[in-house]
Amino acid sequence: MRPFLIGIFLAAGLFSSKGSFGQPDSLWVTYEGQGGPGTGKHIVLVSGDEEYRSEEALPMLAQILARNYGFTCTVLFPIDPQTGRIDAMYPSNIPGLSQLRQADLLVIFTRFRELPDSQMRYIDAYLKEGRPVIGLRTATHAFNYQKDTSGPFACYDFRSRIPGWEGGFGKKVLGETWINHHGLHRQEGTRCLVNGVEQDAGNPLLRGVQDIWTPTDVYSVGQLQGARVLLYGQSTSGMTAASPVNLQKSVMPVAWTRSYQVPGGREGLAFATTMGAAVDLQSEDLRRLLVNACFWAVGMEKQIPARAEVNYISPYRPTMFGPELFRRGSLPARYAWKPANPKPKDP
């Protein structure tokens, strides 16, 4: 069996400092697919939120997709341009978005970003081509244009009132924008209920998905137009898996699929979940749902495994959510593949 390879590519002309081994530091990381049904497919995973540690969650998910299923996965990060280091608090720089030109799938987990036109144009072009999108947690409020309120991409703002773009990216693409915390933030978690109608119908996205609890709270979700709800979320009175559900609160959709079409664009597919914090992804079945969603999004619905293998590839010790807990000073190379249980080489 071939060893798992990782490619770490330099963003030419953007940063060229030296790392601890004397090699150029990259602004993103790419995990080369190593054989499997996803061979030849490229997934671009975009992190960039202040609170839920997307910069930790997405490399872990990308490694599973590359190692176990053959997808080549590129993870992008919010980067401080002065240091070349990951800075979740820096809202206006995510290098590498040009790779969306060749991407088969966009997985986005950003919050309140205000990217320059030179970067946003790649997201805009991708969406106008109607290519598939998966949005996690804060992707419902992925963009927040406070400075450039009249620019060409201000319509992506989560509070947009521009005709045809009401609710911005979240509402137009994923089906919902930010409303509020339905559960008590940092006090209640989410216990998932599988939509029995979709389960009985044999929806392949639910294969192997039975038990999901996450420490993040339930978001409020209004009317979802044209959506198929896969999971509903109950608030739990406490932040452990054993916490009882809060029966005083209504259930809310926490994972769904839908079609989207931005103005001037083609129709495409979207999967959204209001879960997804780095600590949420300690749930095996949530990881399994996301792997299933990637297969579905790229047109490989019939190849979704009966029970996807989602064990960690590298050791995974996620940081609890909270902006004050962000680990500062990391280079993207921090997320290079470090196998917890290396596979033996061919004799």
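Beta carbons closer than 8 Å, at least 6 apart along the sequence or on distinct chains, pair a first residue in region 228-239 that is at positive phi with a second that is surrounded by 22 or more Cβ atoms within 10 Å (Cβ to Cβ) and in a strand (DSSP E or B) for GLY238/GLY189. Against the list (1) in contact with a Gly (Cβ under 7 Å, 6 or more places away or on another chain); (2) within 30 Å of ARG121 (Cβ to Cβ), the condition GLY264 fails is (1).
Return yes or no: is THR216 surrounded by 15 or more Cβ atoms within 10 Å (Cβ to Cβ) and either farther than 23 Å from GLU51 by Cα or at pLDDT below 95 (or both)? For THR216, the condition - surrounded by 15 or more Cβ atoms within 10 Å (Cβ to Cβ) and either farther than 23 Å from GLU51 by Cα or at pLDDT below 95 (or both) - is not met. Restricted to strands (runs of 3 or more DSSP E) entirely inside region 44-144, those with at least 3 residues that are within 15 Å of VAL173 (Cα to Cα) and either in contact (Cβ under 8 Å) with a residue 60 or more places away in the chain or touching a helix residue (DSSP H, G or I) at 6+ places or on another chain (Cβ under 8 Å) (or both) are 105-110, 133-136.
Can you tell me which residues in region 318-332 are surrounded by fewer than 17 Cβ atoms within 10 Å (Cβ to Cβ) and either within 18 Å of the chain's Cα centre (by Cα) or not in a loop (DSSP other than H, G, I, E, B) (or both)? Passing the criteria: PRO318, THR319, MET320, GLY322, PRO323, GLU324, LEU325.
Residues that are assigned to a loop (DSSP other than H, G, I, E, B) and more than 19 Å from the chain's Cα centre (by Cα): does region 267-286 have at least one? So far as region 267-286 goes, yes, one or more of its residues are assigned to a loop (DSSP other than H, G, I, E, B) and more than 19 Å from the chain's Cα centre (by Cα).
To keep it simple, each residue is scored yes or no on (1) within 30 Å of ASP87 (Cβ to Cβ); (2) touching a Ser or Thr at 6+ places or on another chain (Cβ under 9 Å); (3) modelled with pLDDT of 95 or more.
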residue	(1), (2), (3)
SER235	no, yes, yes
MET252	no, yes, yes
VAL262	yes, no, yes
GLU267	no, yes, yes
THR273	yes, no, yes
GLU309	no, no, yes
ARG327	yes, yes, no
ARG334	yes, no, no
PRO339	yes, yes, no
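Summed over region 252-261, residues that are surrounded by fewer than 17 Cβ atoms within 10 Å (Cβ to Cβ) and within 21 Å of TRP178 (Cβ to Cβ) total 0.
Checked against the criterion of being out of contact with any helix residue (DSSP H, G or I) (no Cβ under 7 Å at 6 or more places or on another chain) and among the small types (Gly, Ala, Ser), the candidates SER237, SER314 yield just one match: SER237. From the list ARG113, ARG101, ARG131, the one residue that fits, being surrounded by 21 or more Cβ atoms within 10 Å (Cβ to Cβ), under 27 Å from VAL291 (Cβ atoms) and of a type in the set (D, E, K, R), is ARG113. Put simply, of GLY202, GLY208 the only residue that is surrounded by fewer than 13 Cβ atoms within 10 Å (Cβ to Cβ) and in a loop (DSSP other than H, G, I, E, B) is GLY202. For the subset of region 177-199 comprising residues that are part of a loop (DSSP other than H, G, I, E, B) and of a type in the set (A, V, I, L, M), which member is farthest from the chain's Cα centre (by Cα)? Result: LEU184. The set of residues in region 262-286 that are of a type outside the set (A, V, I, L, M) and buried (at least 24 other Cβ atoms within 10 Å of the Cβ) comprises PHE271, THR273, THR274, GLY276, ASP280. Pairs meeting the criteria (first residue in region 198-210 and under 17 Å from TRP256 (Cβ atoms), second residue of a type in the set (Phe, Trp, Tyr), beta carbons under 6 Å, at least 6 apart or on different chains) are LEU205/TRP296.
Inspection of region 146-168 identifies no residue that is within 22 Å of LEU65 (Cβ to Cβ) and either of a type outside the set (S, T, N, Q) or within 21 Å of the chain's Cα centre (by Cα) (or both).
The values are calculated or read from the model by the stated rules, or taken from the named source; none is laboratory data. What you see is a predicted model, and the numbers here were worked out from it, not measured in a lab. Neighbour counts are summed over all protein chains in view; Cβ atoms, including those assigned to glycine, are modelled from backbone coordinates with ideal geometry.
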